[in-house]
1. Between residues in the stretch 325-341 that are closer than 11 Å to residue 351 by Cα and residues that are buried (at least 20 other Cβ atoms within 10 Å of the Cβ) and of a type in the set (Ser, Thr, Tyr), which pairs lie under 6 Å by C-beta distance while being six or more apart or on different chains?
2. Give all pairs with beta carbons closer than 7 Å in which a residue from the stretch 230-251 that is small (Gly, Ala, Ser) meets a residue that is buried (at least 16 other Cβ atoms within 10 Å of the Cβ) and in a strand (DSSP E or B); count only pairs at least 6 apart in sequence or on separate chains.
3. Do we have any residue at all in the stretch 459-467 that's in contact with a Lys or Arg (Cβ under 8 Å, 6 or more places away or on another chain) and either charged (D, E, K, R) or assigned to a helix (DSSP H, G or I) (or both)?
4. Filter the stretch 179-209 for residues that are in contact (Cβ under 8 Å) with a residue 40 or more places away in the chain and acidic (Asp, Glu) and give the result.
5. Take residue 439 and tell me if it is outside any helix (DSSP H, G or I) and among the aliphatic types (A, V, I, L, M).
6. Quickly run through the stretch 162-219 and pick out the residues that are among the hydroxyl-bearing types (Ser, Thr, Tyr), at pLDDT 85 or above and farther than 27 Å from residue 531 by Cα.
7. Among the residues of the stretch 17-25, are any exposed (fewer than 13 other Cβ atoms within 10 Å of the Cβ), touching a residue at least 60 places away in the same chain (Cβ under 8 Å), under 18 Å from residue 226 (Cβ atoms) and not β-branched (Val, Ile, Thr)?
8. Just checking, does the stretch 513-524 include any residue being open to solvent by less than 40 Å² (accessible area, probe 1.4 Å) and within 18 Å of the chain's Cα centre (by Cα)?
Amino acid sequence: MVSVDNLTISFGGWDLFKEVSLLINPKDRIGLVGKNGAGKTTLLKVIMGQQAPTSGVVTRSADTTLGYLPQQMAVADTTTLAEETAKAFEEVLELEAEIARLTAEIAERDDYHSAEYEALLHRLNDATDRHNILGGNHRDADVERTLLGLGFRREDFGRATSEFSGGWRMRIELAKLLLRRPSVILLDEPTNHLDIESIQWLEGYLKEYDGSVVIISHDRAFLDNVTNRTVELLLGKLYDYKVPYSQYVTLRKERREQQLAAYANQQRLIEKSEEFIEKFRYKPTKSNQVQSRIKQLEKLDRIEVDEEDLSALNIKFPPSPHCGQIVAEVRGAGKSFGDHHVFSGADFIIERGDRIALVGRNGEGKTTFARMLIGELAATEGDIKVGVNVDTGYYAQNQDDLMDGNFTVYDTLDRVAVGDIRTRLRDILGAFLFRGEDVDKKVKVLSGGERSRLAMARMMLSPHNLLVLDEPTNHMDMRSKDILKQALLDYDGTLVVVSHDREFLDGLVDKVYEFRDGGVKEYLGGIYYFIEKRRLASLAEVERRAPEERVATSAEPSRGKQDYLQKKEQERQIRRTRSAIEAAEKRIEELERAVADWEKRMADPAAHGIDLADPAHFKAYNECKQQLADAEHEWEKLNYELEILTDNLY
């Protein structure tokens, strides 16, 4: 469908990537990954024809159409939501006009056997077929289904697009793109502006999509659920794996280990051959052997090890100062801006050590509550009392508004740093990948990922016992997100985080507060516990709908049959989950034996032939312990799921 051949992009003599090739096949689901700045967005722009390559070509078959959703774009402000979305059917509307014209012309003619009449019939037939292929007969239903799936409400359909925020405008463009149904969809960070439910809807849509999909995303769960192929841009080269992201990470690690082992073996062979040649070069009796070794080395296919980008954040939150057991007391809190009601009824206590996620659709009040918690906004209902000696660190989603673009990276930290820490600012910036001349860059020229890192560095200049983080992983690459998550797991204070990244929240939080329909609901469990509870609540909501709100069909099964089928499906899910738990328990037992064996061997290394000076033994031992921790976490998650399923069945 689309072929990228020997593509090179250079800027001032520096190659962003060089002679890379890629083939996008029908039905491909490709995750395009790599660190920020690796060239992912540039590659999509070249495929779209929006940017010319330095060399190389992009070709596509004649019937291939492309659709592209960039990270940022302008949306028209002259129409309503429904009218703007209907523009996706521009070709359908043109076809309807043509069908009407052809039908009228045919009705007026009576030369039924003429070539002109036959040509009109053929044109009408072709136009009708094309109209059906493009979904013209059910476009209104498609528009409604897509907009509802992306989080809009029916009452929003008549609102002017100018009333929507930037995130909702991006959803409008995404809806139009999906409704156009191009042969190849190119999506650049599509989940940045979506809530968890909308992300799950988009996952289901893309999995069933007839065309091909190429996605840039740092959402690991999203990539795993949608893609079947992973393409990585790394240090100017392209690596292609026919597996989803998590499997690719494992394969990439195995491939590099194999390369390193093969490279080491070959280097030993080369070293021994060169020693032999040097030692016997001038001995006549060995001349034939020496020449044979020289020819072997000349013919040897030298193994190259893939380069690896080892640059990474070095984040460690300072120890949190002591505070009281009650960090914040939220009693009937709510917020309205004039006549616009955001939420009400927030009633809970945040205790020291709590790890809380705030989730919900855009505009439901997550960021508003976070700003109320840190004292930036006052409650219009109820109140929020912060505990004794609580020191809050706040990471805001809108970093552009909070940092002066005319200051340099160094000045941004220097203006807020106090005491001895000012002497270590360059070291701190280096830990956040600002090195050398980077510290003298103006904030306004930084990328989104660089701004995020700078904001995080500024927040960590002083110790806090309450961290309030609003979408901290937006614009972060996979490795940076993993490092931030580990740093937060090691953090000994209280955490409140607004995020839609399921993989990031999994294992990090133990309470979820959902902002929905003007209220706040508490879920005492992790993010996947919340997702399952929310899914089952949605099913129950559908079951409670009044009959007149449903689209009745003659083929609709009876309520009793629906209940029966739903119960059978839940029973199947319970059986599958129990089987998965049994498998996880067996895996834990195996890993516990392996860890115990390692500990026994390392306790008496001489008896087991272990050299404690060899770091490989400690590496293998630590990997085994990590696998055990991962397996135990998976077992806990499966038991959560089983508890939810059984509660709702019985």
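The values are calculated or read from the model by the stated rules, or taken from the named source; none is laboratory data. Predicted model only: the values in this text are computed from it and were never measured. Reconstructed Cβ throughout: ideal geometry from the backbone, glycine too, with neighbour counts over all protein chains shown. Side chains are part of the model used for accessible areas, which takes the heavy atoms of the whole protein and leaves out ligands, DNA and RNA. Shrake-Rupley method; radii C 1.70, N 1.55, O 1.52, S 1.80 Å.
1. From residues that are closer than 11 Å to residue 351 by Cα, the pairs are 327/494.
2. The qualifying pairs are 236/16; 236/17; 236/18.
3. The answer is no; no qualifying residue exists.
4. Within the stretch 179-209, 188, 189, 195, 197 meet the criteria.
5. Details: outside any helix (DSSP H, G or I): no; among the aliphatic types (A, V, I, L, M): yes.
Taking the combined requirement at face value, the residue does not satisfy it.
6. 183, 212
7. Yes, because at least one residue in the stretch 17-25 is exposed (fewer than 13 other Cβ atoms within 10 Å of the Cβ), touching a residue at least 60 places away in the same chain (Cβ under 8 Å), under 18 Å from residue 226 (Cβ atoms) and not β-branched (Val, Ile, Thr).
8. The answer is no; no qualifying residue exists.
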